[in-house]
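Here the structure comes first, spelled out in structure tokens, and everything after it is commentary.
The values are calculated or read from the model by the stated rules, or taken from the named source; none is laboratory data. Since the structure is predicted, the reported quantities are computational estimates derived from the model, not experimental observations. When we count neighbours, we look across all protein chains shown, and the Cβ atoms used for this are built from the backbone with ideal geometry, even at glycine.
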């Protein structure tokens, strides 16, 4: 699914770039490095918004629904999660990055995160200051109150430190969703957030409530 | 830098992290088997993750 989305994304970027962008950052080593840096910054916001907007959370919750934290968790994604990733990187085209550089940078940012999903690796000294590490990412997967909505970074943890979402790992987190969810049925895992969203939308009494159920934070109620 | 060069660089980076991940996974599984914590639930949880 991710391959299909990346291919579609590449085609979309190419069409947009051909039609609208008249200048480009050269495809050099520094150009690719800059693309990775910008893509990592965008990833921080892509990821943060996926946690803060209910419609996107229905997809990203799949990644957080495992009670285990091991390498296999790294490949757990919502079926349409990549659509948001493709859209959110479009501004890079207008900065002059080529479609190849953008797709390449997205792959690097995602590939880096594979090794973060483990309890095997402890803290990594000074690297913890700059890089996202397994310790930082265990915090991100924690559902304890102190760990909720923290450490959104892809490669560089500095984004969390800059935007106030950093949390140090103090004790071993309890992993998974805040609500009780412990299914290993793939279909339940893929669509676990949708039934409640559907019920909320059916019960909505105004356009405002519909908008808030879709684009407000997960857990929003009309009483908030 | 050509398109082919970018593909090669990114492909190699992807491969490096894939290999690191595979090595960690192997150690994790061996560790769980040794400790006796590799249960049916763990296997099914992994299966659910891979299904996505």
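Of the residues making up the range A:144-161, those that are free of Cβ contacts under 8 Å to residues at least 40 places away in the same chain and out of contact with any helix residue (DSSP H, G or I) (no Cβ under 7 Å at 6 or more places or on another chain) are A:144, A:145, A:146, A:148, A:161.
Looking across the range A:99-115, the residues that are at the interface with chain B (Cβ under 9 Å from one of its Cβ atoms) and touching a residue at least 40 places away in the same chain (Cβ under 8 Å) come down to A:100, A:101, A:103, A:104, A:105, A:107, A:108, A:110, A:112, A:113, A:114, A:115.
Restricted to the range B:38-52, and to residues there that are in a loop (DSSP other than H, G, I, E, B) and touching a helix residue (DSSP H, G or I) at 6+ places or on another chain (Cβ under 8 Å), the residue that is farthest from the other protein chains (Cβ to nearest Cβ) is B:38. Just one of (1) surrounded by fewer than 17 Cβ atoms within 10 Å (Cβ to Cβ); (2) out of contact with any helix residue (DSSP H, G or I) (no Cβ under 7 Å at 6 or more places or on another chain); (3) over 23 Å from residue A:218 (Cβ atoms) fails for residue A:87. It is (3).
Residue-wise test of (1) at positive phi; (2) out of contact with any strand residue (DSSP E or B) (no Cβ under 8 Å at 6 or more places or on another chain); (3) at pLDDT 95 or above.
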position: A:126; (1), (2), (3): no, yes, yes
position: A:131; (1), (2), (3): no, no, yes
position: A:139; (1), (2), (3): no, yes, yes
position: A:153; (1), (2), (3): no, yes, yes
position: A:156; (1), (2), (3): no, no, yes
position: A:163; (1), (2), (3): no, yes, yes
position: A:170; (1), (2), (3): no, yes, yes
position: A:189; (1), (2), (3): no, yes, no
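In the condition set (1) part of a helix (DSSP H, G or I); (2) within 14 Å of chain B (Cβ to nearest Cβ), residue A:129 is compliant with all but (2). Is it the case that some residue within the range B:10-29 is over 15 Å from the mean Cα position of the chain (by Cα), at the interface with another protein chain (Cβ under 9 Å from one of its Cβ atoms), assigned to a helix (DSSP H, G or I) and buried (at least 17 other Cβ atoms within 10 Å of the Cβ)? The answer is yes, given that some residue of the range B:10-29 is over 15 Å from the mean Cα position of the chain (by Cα), at the interface with another protein chain (Cβ under 9 Å from one of its Cβ atoms), assigned to a helix (DSSP H, G or I) and buried (at least 17 other Cβ atoms within 10 Å of the Cβ).
Check every one of the helices (runs of 4 or more DSSP H) wholly within the range A:184-224 and list those with 3 or more residues that are in the same structural domain as residue A:78 (by TED's automatic domain parsing), without any contact (Cβ under 8 Å) to a residue 40 or more places away in the chain and farther than 15 Å from residue A:61 by Cβ.
Details: elements: A:186-191, A:194-202, A:207-215.
The helices (runs of 4 or more DSSP H) meeting that bar number zero.
Evaluate the range A:57-66: report whether one residue or more is more than 21 Å from residue A:155 (Cα to Cα), more than 14 Å from the chain's Cα centre (by Cα) and at the interface with another protein chain (Cβ under 7 Å from one of its Cβ atoms). Checking the range A:57-66: at least one residue is more than 21 Å from residue A:155 (Cα to Cα), more than 14 Å from the chain's Cα centre (by Cα) and at the interface with another protein chain (Cβ under 7 Å from one of its Cβ atoms).
Among the residues of the range B:30-52, those that are farther than 20 Å from residue A:184 by Cβ and loosely packed, with under 13 Cβ neighbours inside 10 Å comprise B:30, B:34, B:35.
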